[in-house]
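The values are calculated or read from the model by the stated rules, or taken from the named source; none is laboratory data. Computed from a predicted structure; not experimentally measured. Backbone-built Cβ (ideal geometry, glycine too); neighbour counts: all protein chains shown. Each accessible area value is taken on the protein alone, full model and side chains, heavy atoms only, with ligands, DNA and RNA left out. Shrake-Rupley method; radii C 1.70, N 1.55, O 1.52, S 1.80 Å.
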Amino acid sequence: MLKRFFVSMLGTIAGIWFSILLFVIAGIAITAAIIGASSTTADIKDNSILYLRLEGDIIECTQTQNFMDLVRDFKSDGLTLKDMITSIRLAATDRKIKGIYIDAAGSSMGVASRQELLEALREFKESGKWIYAYADNFAQGDYLVSSIADKIILNPVGDVDIHGVGMQSPFFKGLLDKLGVKMQVVKVGTYKSAVEPFILDSMSEPARRQNQIYVDSIWNFYATTIAHNRDVTPAVVSAWADSLTFAWTAEHAVSSQIVTETAYRRTVEDMLRDLTDVDRGNDLRLVSPAAYMESHKNKLASASDKHIAVLYAVGDIVDSGEGGIVGSTMVPQILDLADDDDVAALVLRVNSGGGSAFASEQIWEALEYFKSKDKPLYVSMGDYAASGGYYISCGADRIYADATTLTGSIGVFGMIPDLSGLVTGKLGVTFSTVASSPNATFMTVTGPMTAGQKASMQRHVEDTYDLFTSRVAEGRGMSVDSVKAIAEGRVWIGSSALELGLVDKLGSLNDAVSELASEIDLDPDQWVAYPDVKNDLLERLLEETSQLQSKGGITLDSEMLRWLLVAKRISDMEPVQARMPEIVIR
């Protein structure tokens, strides 16, 4: 009895302290929100500078976030590619913005995203305004973007890392063999290599050839772009990569034309003060893209006016859930846009390597409904629009891709793990089954598929592949045989996809919107982004807290969490996938 009393008392005390902690965090969050709101609604002052701090993961657009993501965004200012590019284009004609300051602090984004950012910066320079770039140390991707600047300034003891383009793929077969786990795979497509990490210990030759072509194409883009911006030849840029420039002194980087000059940050800020007539010792008028967009929100198109809808389809394609391209929410969104009289046309912005074949088909059908309303449908491809990402794109009236976009990967696979070697062979857990028919327990992971079950799965995957290729053939005005000749799961870069007829034009999201606006006689600024994501920090805090309490407050370190997320992603996959392989450029 006494023990129960002390346990209850300790539980009450813990609950009180936990509640106090919640109120403190909530108070901080609300205060931060108020401060953030007050700081971003102010008018932009004369002699301001658009400040692009390239740091951390820069995502395509704002998405639904959990509590910790929202808290982190108060520090990062929630920088998105959409806000950066839109603010750059608006600032080009804004007399209050004198120039752009790129603070390259180490960012991560796709190659096509950097290409679109470069295009916006190039247009900004053509307006006659200046761009300065500074870094303590330039990472290769940030240097690519910064190479367009009028002045590229490096810390006197900093370095520039230009090393070329490469990719590494982890292979898990050895680990799975040790665990006694066997991945049962059915697929269509010689090049459908997304399953290879689970059944091989290295790349197949078709996958290696494909990846080599991709890597060489991306490096060609890097080398030619940097060479053009720095007034050297691509061969010189390749020589920089071969010599590992990170080991060079800053002075060597200057003499080799990699950077313009060296200076410490405070000196760079004094340069910017001189350019904007701000007295030494006074603060620079730096405006972030988020603050700039907030100040212009009343000048942007409204959903209540006639407009082009730009619908962002970013991430894995899944049937249901939260995050990524969720079929159960994306389909109603498209249907609503189709039935909205104020929506004159749609640009689907796709940045996805695919996912659920079922969800891809549902989204494709919803887009067909949109077209049935006699409204034009364009697609703009970002870093990726492959496999399921191409599935949802193929029916568009016109498809735009960047030269470095990864697309295609027209193929299908199914993957079901057999855990019997681990669960029964190593852990000693056995199963007894009672069933009304031989296949009643099919799709469990406690044993291998029978030959008949595997044959059925193969037929199902082939039927899905036939449906996929017929959708592509219909949308692209090609024969099914012609589609299958360039399908087989093969991934193509945008410039090759143009030659093959998988896309119609090389161009950015801005190009797609502008040309669609011209076609339907609308101002190119009359576009509205969808979905309208509203992340409520306090609501997320309470939701996360509820989940934490229900799970017993388990804490995981980042490495364990990363591998658990990989495992969860595999276990949550629908059996039939239209997905490209994971590709990480370094």
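Remarks
- Test result for ARG122, at pLDDT 90 or above and exposed (fewer than 15 other Cβ atoms within 10 Å of the Cβ): yes
- Condition check for SER470: of a type in the set (Gly, Ala, Ser), farther than 28 Å from VAL181 by Cα and open to solvent by 30 Å² or more (accessible area, probe 1.4 Å): yes
- Checking each residue in the stretch 278-327 for being among the hydrophobic types (A, V, I, L, M, F, W, C), closer than 30 Å to SER393 by Cβ and assigned to a strand (DSSP E or B) picks out ILE308, ALA309, VAL310, LEU311, ALA313, VAL314, ILE317, VAL318, ILE325, VAL326.
- Of everything in the stretch 176-205 that is over 30 Å from VAL483 (Cα atoms) and assigned to a helix (DSSP H, G or I), the residue that is most open to solvent (accessible area, probe 1.4 Å) is LYS178.
- The strands (runs of 3 or more DSSP E) falling completely within the stretch 385-493 that include 2 or more residues that are touching a residue at least 12 places away in the same chain (Cβ under 8 Å), within 30 Å of VAL513 (Cβ to Cβ) and touching a helix residue (DSSP H, G or I) at 6+ places or on another chain (Cβ under 7 Å) map to 398-401, 406-408, 491-493.
- Restricting ILE162, ILE131 to those that are open to solvent by less than 10 Å² (accessible area, probe 1.4 Å), modelled with pLDDT of 90 or more and more than 26 Å from ARG266 (Cβ to Cβ) reduces the list to ILE162.
- Subset of the stretch 45-89 [closer than 20 Å to TYR101 by Cβ and modelled with pLDDT under 90]: LYS75, SER76, ASP77, GLY78, LEU79
- Residue satisfying all of: in the stretch 293-343; among the charged types (D, E, K, R) and closer than 20 Å to GLY353 by Cβ; surrounded by the most Cβ atoms within 10 Å (Cβ to Cβ) among these: ASP316
- For the stretch 241-282, a residue qualifies if it is open to solvent by less than 50 Å² (accessible area, probe 1.4 Å), out of contact with any strand residue (DSSP E or B) (no Cβ under 8 Å at 6 or more places or on another chain) and of a type in the set (A, V, I, L, M), and the qualifying residues are ALA241, VAL278.
- ALA104 vs. criteria closer than 27 Å to GLU251 by Cα and assigned to a loop (DSSP other than H, G, I, E, B): no
- When each of ASP339, ASP277, ASP319 is tested for being among the acidic types (Asp, Glu) and at positive phi, the lone residue that passes is ASP277.
- Pairs, first without any contact (Cβ under 8 Å) to a residue 40 or more places away in the chain in the stretch 286-311, second outside any helix (DSSP H, G or I), C-beta under 7 Å, six or more apart: SER304/ASP342
This table checks each residue for (1) over 23 Å from GLU116 (Cα atoms); (2) touching a residue at least 60 places away in the same chain (Cβ under 8 Å).
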{"position": "LEU179", "(1), (2)": "yes, yes"}
{"position": "PHE198", "(1), (2)": "yes, yes"}
{"position": "ASN220", "(1), (2)": "no, no"}
{"position": "THR225", "(1), (2)": "no, yes"}
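- Restricted to the stretch 206-235, and to residues there that are of a type in the set (A, V, I, L, M) and surrounded by 16 or more Cβ atoms within 10 Å (Cβ to Cβ), the residue that is farthest from LYS192 (Cα to Cα) is VAL232.
- Those residues of the stretch 475-504 which are on the phi < 0 side of the Ramachandran plot and of a type in the set (D, E, K, R), in sequence order: ARG476, ASP481, LYS484, ARG490, GLU499, ASP504
- So SER238, is it open to solvent by less than 50 Å² (accessible area, probe 1.4 Å), more than 30 Å from GLU488 (Cβ to Cβ) and in a loop (DSSP other than H, G, I, E, B): no
- Residue check, ASP142 surrounded by fewer than 22 Cβ atoms within 10 Å (Cβ to Cβ) and among the charged types (D, E, K, R): no
- Test set (1) open to solvent by 20 Å² or more (accessible area, probe 1.4 Å); (2) closer than 23 Å to THR404 by Cβ - LEU81 fails condition number: (1)
- The conditions of being at pLDDT 95 or above and of a type in the set (Lys, Arg) are met by LYS375.
- Which numbered condition PRO170 fails, given (1) open to solvent by 20 Å² or more (accessible area, probe 1.4 Å); (2) in a strand (DSSP E or B): (2)
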